[in-house]
Amino acid sequence: RWLALGAVAVAELLAMTTGFSTAAVVPQLRIAWDLSQPAASWLTVAVQLGFVVGAVLSASINLADLVSPRWLMFFGASGAAVTNLLLTQVHGVEPAIALRLATGAALALVYPPALKLMATWFRSGRGVALGVLVAALTLGSATPHLVNGIGGVQWQVVIVSTSVLTLTGGVLALVAGVEGPFAFPSARFEPRQVGRAFADRGVRLASLGYFGHMWELYAMWAWFGVFLVDVFARRGTEDTRVAASYATFVVIGSGALGSIVGGVLGDRWGRTKLTALAMTCSGATALVIGGFVNGPLWLVLGLGVFWGFWVIADSAQFSAIVTETGNQRYVGTALTLQLAAGFVLTAVTIYLVPLVRDAEGWWLAFAILAPGPILGVAAMMRLANSPEAKLIAGGKG
């Protein structure tokens, strides 16, 4: 099962690199295509909205419960690689947004099936297993920033490289993504499951916690690199874009360790306690970090790594709760719907952060992310005191 986890995690890491490929090269695209700030925001938001559309369509026909996860991951990764690569052939924001929508829709066939696939290998230690997958997602999201630093001014290098990585991930998923011994019961086509997914209280409360988490996560990932460009520029750093790209990779990449630690603590302490702790830490950081844009560089980077660690440490645990408390025949549908609704919220905050930044500065721009974790903590505390808690993490809640 550990070999299976390693293979699928690498496939996930590679396949998800196209998700933030344009976010990593926004500074270059604003010059190359003369983009306004709202247009640049839409390039990132489009991926989130495309993911929502793809996830909702997938859930409406129970695709994640009817088709082998490895085939879904292969087709999703292949589609994302092609639509991402086509960005090198267009000029201007309109066709680019359409391609980013298609990329997001394709990635909706990669992430949810991977979570369900690994749950078939792990009955005990499921929190750690899904944490490793989210660690892979985190590194995949951070990788475009690393490639951007290495690739110099050529934004096309980032796009081509991430497309190749994504296609490689899809092929690896097809070859190595075999289901484990704890397969979920067979499902049949039943569209009504879309409406029933949140009827289970455990799924509903876990999803509310997840929504609070997502209100913060992707906006932080999308705009922290831009924040660091500003931080380095104010200090007269040479080649601020390269310095910010490397630093952003470290900040976001620290979440890979956070996801694994979150999985270990979720299995040992209970998922509700771990998620509440993670959202408390990340929400508190969101409230203060923007106020240090002119502060000591070591403090900004230290807070950034701390934020990057905790902002994602809880993510896999919400999915694990769904696999433990939801209808076992339609776990894939429930996971897909949870992710779809969460990604709707990410589009809102990704769009809001630069608007607030332009009007009020970085402190308030990041502080508006804190209400999500606050509400998420409330939902998880309620779940901890519900009868469903005995189904979570072997009875630890």
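The values are calculated or read from the model by the stated rules, or taken from the named source; none is laboratory data. All of these numbers come straight from a predicted model, not from anything done at the bench. Cβ: placed from backbone, ideal geometry, glycine included. Neighbour counts: every protein chain shown. The accessibility values were calculated without ligands, DNA or RNA, using every heavy atom of the protein model including side chains. Shrake-Rupley method; radii C 1.70, N 1.55, O 1.52, S 1.80 Å.
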Failed item, numbered, when LEU337 is tested on (1) open to solvent by less than 10 Å² (accessible area, probe 1.4 Å); (2) among the aliphatic types (A, V, I, L, M); (3) modelled with pLDDT under 95: (1)
Exactly one of PHE224, PHE211 is under 24 Å from the mean Cα position of the chain (by Cα), at pLDDT 85 or above and open to solvent by 10 Å² or more (accessible area, probe 1.4 Å), and that residue is PHE211
In region 66-101, what residues are among the charged types (D, E, K, R) and either open to solvent by 20 Å² or more (accessible area, probe 1.4 Å) or in contact with a strand residue (DSSP E or B) (Cβ under 8 Å, 6 or more places away or on another chain) (or both)? ARG70, GLU94
Can you give me the ranges of the helices (runs of 4 or more DSSP H) entirely in region 298-397 with at least 2 residues that are among the charged types (D, E, K, R)? 331-360
Are any residues in region 15-51 more than 22 Å from GLY149 (Cβ to Cβ) and part of a helix (DSSP H, G or I), and if so, which ones? GLN37, PRO38, ALA39, SER41, TRP42, VAL45, ALA46, GLN48, LEU49, GLY50, PHE51
For TYR330, work out the one condition from (1) within 19 Å of the chain's Cα centre (by Cα); (2) crowded, with 21+ Cβ neighbours inside 10 Å; (3) at pLDDT below 95 it doesn't fulfil. (1)
Scan (1) closer than 14 Å to TYR218 by Cα; (2) within 18 Å of the chain's Cα centre (by Cα); (3) at pLDDT 95 or above for the single condition ALA347 breaks and write down its number. (3)
Pick from GLY225, GLY266: which is within 18 Å of VAL293 (Cβ to Cβ), among the small types (Gly, Ala, Ser), touching a residue at least 12 places away in the same chain (Cβ under 8 Å) and part of a helix (DSSP H, G or I)? GLY225
Mind listing whichever residues of region 227-271 are among the basic types (Lys, Arg), open to solvent by 10 Å² or more (accessible area, probe 1.4 Å) and either within 30 Å of VAL128 (Cα to Cα) or at pLDDT 95 or above (or both)? ARG268
Name the one entry in GLY295, GLY255 that is assigned to a loop (DSSP other than H, G, I, E, B), out of contact with any Asp or Glu (no Cβ under 7 Å at 6 or more places or on another chain) and either touching a residue at least 24 places away in the same chain (Cβ under 8 Å) or small (Gly, Ala, Ser) (or both). GLY295
Scan GLU190, GLU179 and give me the residue that is among the acidic types (Asp, Glu), part of a loop (DSSP other than H, G, I, E, B) and at pLDDT 85 or above. GLU179
